[in-house]
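Each remark here refers to the structure printed beneath this line.
Values quoted throughout were computed directly from the atomic coordinates according to the rules given, and no laboratory measurement underlies them. Remember, predicted model here, so these are calculated numbers, not experimental data. Here the Cβ positions follow ideal geometry from the backbone for every residue, glycine too, while neighbour counts run over all protein chains shown.
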Amino acid sequence: MENSSARKTVLVTGSTSGIGLGVLQAFGAQGCNLVMNGFRDQSEIKDLQEDIMRRCGVEMIYSGADMRKPEEIRGMMQAAEKAFGGVDILVNNAGIQNVQPIDEFSDEKWDDIIAVNLSSAFHTIKAAAPAMKKKGWGRVINIASVHGLVASKFKSAYVAAKHGMVGLTKAAALDLAEFGITVNAICPGYVDTPLVRGQIPQQMKEHNLSEKEVIEKVMLKNHAVKQFVEVGDLAALAVFLSSDAAVAMTGQALAMDGGWTAQ
């Protein structure tokens, strides 16, 4: 990152696996202090922390805050402030999914998806903004989805939340622009992660297809480039958006979708 030499602090929600872990590691490689969040076996989390700190030579703390609970989100942000003096770069990545026709979608699943995939980002941005304003510098990167730009069947809550994330990105960017804070969203197509893999059984059932057929005919159907988005490429974009080279970019929803939304 082409920023000042002062070490930045990066908080990535949902960063114990998948996209979030890849983004966290990419910022660790840049020499940033790290705040990891998410659910996983505690021994695995400890091993991850030790490995990243050893390889990158950075400081790191972990928070198991539940992204459905605003009070736990506030506690996580307070812990980051206590450890590192506040969050400089906030990456809202936490997400859950449920694939079901709208008339069969449970109320509980709807509420959880909206809370984790959308409302949590509001709460983290709200909590991080005061310290960023004080420093006159900050970066917020929201991991939205191609489903923040277009819709698919059986994903009413996810599509609603991700469209909301894109709208939140634009509104927050306008609110914070005068304070040296940029807010952008990345909208990936299908990324080969545990979240995506978890959708396959339901898709197999709904479409009466094999796993291979679901990947080829459902997930990558709209990808002009017939492959999953790589976590490392997405993480590299997040690092770029945090650099001085991206200072004029704010309020943007950047598609990394294999050409999906070009059609």
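Work out which helices of the chain, taken as complete DSSP H runs, extend at least 27 Å along their axis over the Cα atoms and score a mean Kyte-Doolittle of -1.0 or more, then list them.
Values: long enough: 156-176 (30 Å, 0.69).
Correct list, ordered by number: 156-176.
Indicate the gyration tensor shape class of region 196-239 (rounded, prolate or oblate), computed on the Cα atoms with a ≥ b ≥ c the square roots of the eigenvalues: a/c under 1.5 is rounded; otherwise a/b larger than b/c is prolate and the rest oblate.
Here region 196-239 falls in the prolate category.
Taking only C-alpha pairs under 8 Å that are 6+ residues apart, what is the relative contact order of the chain in percent?
Values: 498 pairs, mean separation 53.4, N = 263.
Normalised by residue count, the contact order of the chain is 20 percent.
In square nanometres, what is one fourth of the surface area of the convex hull spanned by the alpha carbons of region 1-86? Show your work: numbers first, answer last.
On the way: hull surface 22.1 nm².
If you wrap the Cα atoms of region 1-86 in a convex hull and average its projections, you get 5.5 nm².
Share of antiparallel DSSP beta bridges in the chain, in percent to the nearest 5?
Taking every DSSP beta bridge with both residues in the chain, the antiparallel ones total about 0 percent.
Would you kindly compute the Cα radius of gyration of region 129-263 and its largest Cα-Cα separation (Dmax), both in Å?
When restricted to Cα atoms, region 129-263 yields Rg and Dmax of 16.7, 55 Å.
Quick one: Debye curve from the alpha-carbon atoms of the chain only, equal weights, vacuum; give me log10 I(q)/I(0) at q = 0.08, 0.10, 0.14, 0.16 Å⁻¹ to two decimals.
Cα-only, vacuum Debye calculation for the chain: -0.30, -0.47, -0.94, -1.22.
Extending each Cα 7 Å along its Cβ direction at M249 and S43, get the distance between those two points in nm, one decimal.
4.1
Go through K46/K153; K82/K170; K135/K155 and tell me which ones have a Cα-Cα distance over 31 Å in this structure. Present the calculation step by step, with values, prior to reporting the outcome.
Values: K46/K153 38 Å; K82/K170 29 Å; K135/K155 39 Å.
Check vs 31 Å cut-off fails for K46/K153; K135/K155.
Restricting to Cα atoms and excluding each atom paired with itself, what does the Kirkwood estimate give for region 70-185 in Å?
Over region 70-185, the inverse of the mean reciprocal pair distance is 14.8 Å.
As I understand it, the dipole of the chain uses +1 on the Cβ of Lys and Arg and -1 on the Cβ of Asp and Glu, about the Cα centre. Which of V247, H207, V183 lies farthest toward its positive end?
Result: V247.
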